[in-house]
1. Condition test on Thr22, is it in a helix (DSSP H, G or I) and farther than 18 Å from Ser257 by Cβ?
2. Can you find a residue that is assigned to a loop (DSSP other than H, G, I, E, B), out of contact with any Pro (no Cβ under 8 Å at 6 or more places or on another chain) and farther than 24 Å from Gly123 by Cα anywhere in the stretch 35-56?
3. Being in a helix (DSSP H, G or I), among the hydrophobic types (A, V, I, L, M, F, W, C) and modelled with pLDDT of 90 or more: is that true of Val227 here?
4. Scan Thr93, Thr17 and give me the residue that is open to solvent by less than 20 Å² (accessible area, probe 1.4 Å), hydroxyl-bearing (Ser, Thr, Tyr) and either modelled with pLDDT of 95 or more or within 20 Å of Val175 (Cβ to Cβ) (or both).
5. (1) under 19 Å from His13 (Cα atoms); (2) at pLDDT 95 or above: which one isn't true of Phe122, the others all being true?
6. Within the stretch 99-180, considering only helices (runs of 4 or more DSSP H) that don't extend past its boundaries, which have at least 2 residues that are under 20 Å from Gly36 (Cβ atoms)?
Amino acid sequence: MVRTLSAIIRSSHPGPTLAVTTLSLLLALAFNLPAGNAAWIVIAVLLNQVAVGVSNDVVDVARDRRAGRKDKPIAAGEITLATARWAVVIAGTLSLGLSAWVHPIVGLWQAVFLASGLAYNFGLKATVFSALTYATGFGSLPILVSMGAEPAAWPPLWVVVVGASLGVSAHFANVLPDGDTDRLEGVRGLPQRLSRPVAAAVIVVLTVLSSVMLITGGGSGALITTVLAGIIASSIAIWAGLLALWPGSTIWPFRLSMLAALVLALGLVGAISG
């Protein structure tokens, strides 16, 4: 049982899962959620990301086996496909149930977030619409968190746009280093259809635009916090974009992209609480 649970955790892409879960916690702080609602929503987002991460390895198992990916528990035979599929179903169901228990609209937008990730894994990642799933998923995250406030409230539109923008930036950073391999495997999402320099530039431009929206939306009262967050996030994005120009950069562009998103989330906490 312990080995199975360990394999499921490693199949969930724990780095990105932890980053997105942390982002949901920062948003909960920004929107001043009651402690109980915040805890349930953060747990629900964690389960959401476990379902999405494991389903990604389920879909890619044949590809991972061809590549000899011993670091992938499903491809390495540490857990069966049936067990992994049940993990996706259970984690996804619990995520939706906990969210709906907090508020029906939280459950609705959690469903949008989950469906976006699953749609990407089960086919859209190989199409020109790959970025759309990240935009809808990360755009829905601030909505589902904000609706957990008491009383439930919609977030400012600029926060939703920032979330969607950062989601697309993370998508480009995640797939760009492996773009050549993806094309050989027939995976031609939006980043793989662009030249490497153009795709790398997208990472930087979207983060800079998100920083500008944070500074503008945060207003004059939080200017020091938002400008500092914007400068740091943009600098990190430039670093990620430069790394993404080299095929051997592996996961680092994505890690830096998520770090930039977390920095902007901290700026958001300062902007709203200030």
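The values are calculated or read from the model by the stated rules, or taken from the named source; none is laboratory data. Just so you know, these numbers come straight off a predicted model, no measurement behind them. All Cβ positions, even for glycine, are placed from backbone atoms using ideal geometry, and neighbour counts span all protein chains on display. For accessibility, only protein heavy atoms count, side chains too; no ligands or nucleic acids. Shrake-Rupley method; radii C 1.70, N 1.55, O 1.52, S 1.80 Å.
1. Considered against the rule, which asks whether it is in a helix (DSSP H, G or I) and farther than 18 Å from Ser257 by Cβ, Thr22 comes out as no.
2. no
3. yes
4. The match here is Thr17.
5. (2)
6. 104-121, 130-146
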